[in-house]
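Report on one structure; see the data block that follows.
The values are calculated or read from the model by the stated rules, or taken from the named source; none is laboratory data. Quick caveat, the model's predicted, so the values are computed rather than measured. With ideal geometry, Cβ positions are generated from the backbone for all residues, glycine too; neighbour counts draw on all protein chains shown.
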């Protein structure tokens, strides 16, 4: 893990050297299981940072800690200079998040979902209207704003969640497996949107995925996590060079091994299975 | 305030839009009203207790409110993993505001559903003794709704698995209904049963509604209301506490 990043004024203007997320030696245990074990990394303001790892590596647990939903067992966290465990409300204003499982209300319209979010984040009425419209147009959902969300396709729901997450102009956008379950067209479109976000919104994007090609395509830097430990950090070319491989997929396998991970199913997994059956 | 309001509004909007669910949830109470109400009427009459429909209509209203309120809380379990709840849990607003908005929303829906079944009982031949008492009876119904919405929030916040839902229905909701004196008079019960009915909050709710609508009460409306308010405060505090402990 690199220490303090050196001052490099010749670097691209969008990505600054100021870390917006600092994670130092965090540990999170659930009973006897250590889901995240002594993980440290920095994310610079304005960059697209990918958290890559096999199933059960600790990606979601890390996101939950950064988004104030879980407290670390030990170690320190910082988002925009604030500690999520002590400055919960302040930190929550500064990030938007799209969880792995949907968190839209299917019985409400796209507009209502956006509007409630605006109220929850204290966006003034007029600004709320303007911003909702701009974001819905940007994510190509404006025509469907009056339709109930339950009639939307998987890709449209994800787009709506991202649009909603950006409504309060957050500094960081967390995307937990944003393309899971989407068809290749929707995935492609999703990443086009995410990349254009940095230009239009200047937002830092922190995403998790286990699709190597996606991390390779969109991320400025990648952190590889396995068994709760950080095994490598760097740009895609750096990781390839470090492992002496020619594709990120090969680098990933070189770093994390080829054994298949058998996680024990949690209550959430069981519910996910039920959800899959019910959706048919 | 605006946060509480928008979350309350969300619950009410969803209720009004889900016509299928409204009709479906009338099924249970209608069955009790139709089958038990008319089936047991002759026996009740012969025992010198008067009209059974008159007696059980408040009980069926209480049952509807109980089931609707409890269901909204259990739905929270699903909502937490696959729904909107997580969105509210990471918002920069106090958990207490979220809990109050949801609970009041759930309670309002339960009262609306109770109103619907009240109209059905009127159609079936139920006659309140005084019209003035009807708004007062609805205040008691609102208390029942708040109590069980808060209890449901407490349970929904504590459970981790959907299977727990079945447990709650069989070991909590059904006993609360059957022990409440909704379908039988509280007078002359065996000692154990009498004791159990007294620790059931719904007993006081049904007794209060029955007292106001039909003039027949076991504990007296004042005591009923006092107990309901006390239990309400207790459950709202418990619900708020459990809700604040959710780790998504």
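Checking A:106, A:96, A:118 one by one, the residue that is touching a residue at least 60 places away in the same chain (Cβ under 8 Å), in contact with a helix residue (DSSP H, G or I) (Cβ under 7 Å, 6 or more places away or on another chain) and closer than 23 Å to residue A:140 by Cα is A:96 and no other. In the set A:133, A:177, only one residue is without any contact (Cβ under 8 Å) to a residue 24 or more places away in the chain, in contact with a helix residue (DSSP H, G or I) (Cβ under 9 Å, 6 or more places away or on another chain) and more than 12 Å from chain B (Cβ to nearest Cβ); that residue is A:133. Checking each residue in the stretch B:77-113 for being over 16 Å from residue B:14 (Cβ atoms) and within 7 Å of chain A (Cβ to nearest Cβ) picks out B:81, B:86, B:89, B:90, B:91, B:92, B:93. Filtered by the rule that a residue be within 13 Å of chain B (Cβ to nearest Cβ) and touching a strand residue (DSSP E or B) at 6+ places or on another chain (Cβ under 8 Å), the stretch A:82-104 gives A:84, A:85, A:90, A:91, A:94, A:95, A:96, A:97, A:98, A:99, A:100. Taking the stretch B:220-248 as the range and being surrounded by fewer than 17 Cβ atoms within 10 Å (Cβ to Cβ) and closer than 26 Å to residue B:51 by Cα as the test, the residues that pass are B:220, B:222, B:223. In the stretch B:52-76, the qualifying residues are those that are away from chain A (no Cβ under 14 Å), closer than 18 Å to residue B:8 by Cβ and buried (at least 24 other Cβ atoms within 10 Å of the Cβ), and the one that is modelled with the highest pLDDT is B:65. If you go through the stretch B:171-198 and pick out every residue that is more than 25 Å from residue B:152 (Cα to Cα) and touching a residue at least 12 places away in the same chain (Cβ under 8 Å), you end up with 3.
Restricting the search to the stretch A:132-156, which residues are crowded, with 20+ Cβ neighbours inside 10 Å and under 22 Å from residue B:14 (Cβ atoms)? Before the answer, list the steps.
Restricting attention to the stretch A:132-156, the residues satisfying the condition of being crowded, with 20+ Cβ neighbours inside 10 Å are A:132, A:135-136, A:139, A:141, A:149.
Within the stretch A:132-156, A:132, A:136, A:141, A:149 qualify.
Scanning the stretch A:49-81 for residues that are over 26 Å from residue A:195 (Cα atoms) and either in contact (Cβ under 8 Å) with a residue 60 or more places away in the chain or out of contact with any strand residue (DSSP E or B) (no Cβ under 7 Å at 6 or more places or on another chain) (or both) gives A:56, A:69, A:71.
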